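Everything below concerns the one structure shown next.
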Amino acid sequence: MIFIQLIILLGAILIGVRMKGIGLGVMGMMGLLIFILVFGMRPTEPPLDVMLIIMAIVTTGAALQAAGGMDYLVGVAERIIRSNPSRITFYAPFTVYFLCLFAGTSHIVYSVLPIIAEVSAKKRIRPERPISISIIASHIALTGSPMSAATVALAAIMGYAGAAADIMKICIPACMIGVLAGAISVWKMGKELHDDPEFLEKMKDPHFAASVDASEAGIKTSSKPGAKTSVIIFGITILLVVMFGAFPSLIPHLAKGAGNVIINADGTLKMATLIILLTLSASGLIIIITKTSAVEVTKSSLFTAMGTAVISVFGVVWMSSTFIDNNNAVIKQVFGGITSQYPWTFAIAIFIVGAFIFSQAGTTRTMMPLAITLGIANPALIAMFPAVNSDFVLPGYPTLQAGVNYDRTGTTKIGKYILNHSFLRPGVIAVTVAIAVGFLLEQFIPLRH
């Protein structure tokens, strides 16, 4: 029976991925409906925590974007990238990494990709190299970012005070080393641009050649007067999140009672709740102090993308968690032995599932509770956390498509066989190295577990 249920689960995910948009969410709901009506499964609690986290954090990012803060950050990133164009394959991914680590979203990379493509083409550096690893860096930055829904979701699942700080202590250095390894792997990837036949053919067009060799555009600066102020408010919010994560004793203690989605039974606010309160309050401050229209916030690209993310996570995570919860005994019997002896093997399962779910937060909420059920310890969970960044394997994620579209030289490609694309090598290497370093670091860095 479990095999039929598994086929329904995978079928719903695959069909949802092909539909794009909210397809993953609605197909997840259809799969859940079949589980309940046909197989009599008892549904688990819906993933309200991760949905609330996504809504709160994305709203704050949208407020930052509407106030001009995102443009200001992109302007800073542009200065860094243009400062040493000959080393763009290394400068660009680390600039993107810290930008996304700060912002808590990979979608800010859209504004930086044209700069990376332009600078590399002018220096006759194959744009595929910095573009591919920069997009991977934008994804992997979320596993460790205090403003990432995935990081907050994992901290909530582990459920002990200081979990968020432990995640950052391990995952930030591990992922940085992973990005470095990914950059080294693409340093000489493909033919040099001056030897690439497709580029040479395009350069025969005088208009294309003139556009490639045109003088560089000026540094982008935000025209909105509240841009810097919004960045400062956002930065203070991040510091507060880190502070409460590092010092759990500062978290308010309220009256004891029955625990729920926002408060623990001992009366302490859940860290996820505190982050929701802090980020949405920061949104309010940005709107008031910078005189940004609240309506303009709802029209920003980040805010409009939130609906898709919430519906997708809602459907696929609820379906997956119901399947796992109702087949707990079988899963433990089949995988319990190997994962207890070799915990790192579960990272492979996370990576495979993440390739279909297309959401770090969704993959985290789906797979990490299963890991706890299998008896995998919290330090190992943190070490394998970067495995949720496998949304590059199937090249349908919007950031990958943007990377292909912005590279006018044609070097960044989706191959004929789908999987032979520009992002596979740096992605697999960066994630693998990050996981390996994570397991190494958790042996030496003291954690609160």
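Things worth noting here:
- Of all the numbered requirements in (1) touching a Leu at 6+ places or on another chain (Cβ under 7 Å); (2) in a helix (DSSP H, G or I), I372 misses one, and that requirement is (1).
- Breaking point among (1) surrounded by fewer than 24 Cβ atoms within 10 Å (Cβ to Cβ); (2) closer than 21 Å to T279 by Cβ; (3) not aliphatic (A, V, I, L, M), for G144: (1)
- Among (1) in a helix (DSSP H, G or I); (2) surrounded by fewer than 24 Cβ atoms within 10 Å (Cβ to Cβ); (3) touching a Ser or Thr at 6+ places or on another chain (Cβ under 9 Å), the one test that A161 misses: (1)
- Residues in the stretch 357-369 that are part of a helix (DSSP H, G or I) and under 14 Å from the mean Cα position of the chain (by Cα): I357, Q360, A361, G362, T363, T364, R365.
- Tabulated pairs, the stretch 310-327, first more than 15 Å from I22 (Cα to Cα), second in a helix (DSSP H, G or I) and among the basic types (K, R), C-beta under 9 angstrom, 6+ apart or interchain: S320/R365; S321/R365
- Residue that is farthest from the chain's Cα centre (by Cα) [pool: residues in the stretch 85-118 that are under 22 Å from I232 (Cβ atoms), among the hydroxyl-bearing types (S, T, Y) and modelled with pLDDT under 95]: S111
Here's the yes/no breakdown for (1) out of contact with any helix residue (DSSP H, G or I) (no Cβ under 7 Å at 6 or more places or on another chain); (2) in a loop (DSSP other than H, G, I, E, B); (3) modelled with pLDDT under 95; (4) of a type in the set (S, T, Y):
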{"position": "I170", "(1), (2), (3), (4)": "no, no, no, no"}
{"position": "I177", "(1), (2), (3), (4)": "no, no, no, no"}
{"position": "L180", "(1), (2), (3), (4)": "yes, no, no, no"}
{"position": "A183", "(1), (2), (3), (4)": "no, no, no, no"}
{"position": "A210", "(1), (2), (3), (4)": "yes, no, yes, no"}
{"position": "G218", "(1), (2), (3), (4)": "yes, yes, yes, no"}
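- Condition broken by P395, with the remaining ones in (1) assigned to a helix (DSSP H, G or I); (2) in contact with a helix residue (DSSP H, G or I) (Cβ under 9 Å, 6 or more places away or on another chain); (3) over 26 Å from I338 (Cα atoms); (4) of a type outside the set (K, R) satisfied: (1)
- Of all residues in the stretch 73-84, those that are part of a helix (DSSP H, G or I) and without any contact (Cβ under 8 Å) to a residue 40 or more places away in the chain total 5.
- Restricting A156, A121 to those that are closer than 21 Å to V242 by Cβ, hydrophobic (A, V, I, L, M, F, W, C) and either at pLDDT below 90 or out of contact with any strand residue (DSSP E or B) (no Cβ under 7 Å at 6 or more places or on another chain) (or both) reduces the list to A156.
- Among the criteria (1) crowded, with 19+ Cβ neighbours inside 10 Å; (2) modelled with pLDDT of 90 or more; (3) of a type in the set (S, T, Y), the one S359 does not fulfil is (2).
- Only one of R129, R124 that is in a loop (DSSP other than H, G, I, E, B), of a type in the set (K, R) and touching a helix residue (DSSP H, G or I) at 6+ places or on another chain (Cβ under 6 Å): R124
- Restricting the stretch 372-392 to residues that are among the small types (G, A, S) and within 23 Å of V17 (Cβ to Cβ), the residue that is modelled with the lowest pLDDT is S390.
- When the stretch 419-449 is filtered for residues that are β-branched (V, I, T), closer than 26 Å to D195 by Cβ and part of a loop (DSSP other than H, G, I, E, B), nothing remains.
- Answer from T290, T279 - the residue that is in contact (Cβ under 8 Å) with a residue 12 or more places away in the chain, among the hydroxyl-bearing types (S, T, Y) and closer than 23 Å to V242 by Cα: T279
- Meets criteria (aromatic (F, W, Y) and under 25 Å from V58 (Cα atoms)) for W318: yes
- Of residues in the stretch 237-255 being exposed (fewer than 13 other Cβ atoms within 10 Å of the Cβ) and not in a loop (DSSP other than H, G, I, E, B), the one farthest from the chain's Cα centre (by Cα): H253
- Condition broken by T373, with the remaining ones in (1) in contact with a Ser or Thr (Cβ under 9 Å, 6 or more places away or on another chain); (2) surrounded by fewer than 18 Cβ atoms within 10 Å (Cβ to Cβ) satisfied: (1)
- Residue match in the stretch 341-349 (condition: touching a residue at least 12 places away in the same chain (Cβ under 8 Å) and hydroxyl-bearing (S, T, Y)): no
- Pairing each residue of the stretch 406-418 that is touching a residue at least 40 places away in the same chain (Cβ under 8 Å) and on the phi < 0 side of the Ramachandran plot with any residue that is of a type in the set (F, W, Y) and not in a loop (DSSP other than H, G, I, E, B), provided the two are 6+ apart or on different chains, yields C-beta distances under 9 Å for Y406/Y110; R408/F208; T409/F199; T411/F199; T412/Y406.
The values are calculated or read from the model by the stated rules, or taken from the named source; none is laboratory data. None of these values were measured; they are calculated from a predicted model. Here Cβ is always computed from backbone atoms with ideal geometry, including for glycine, and neighbour counts include all displayed protein chains.
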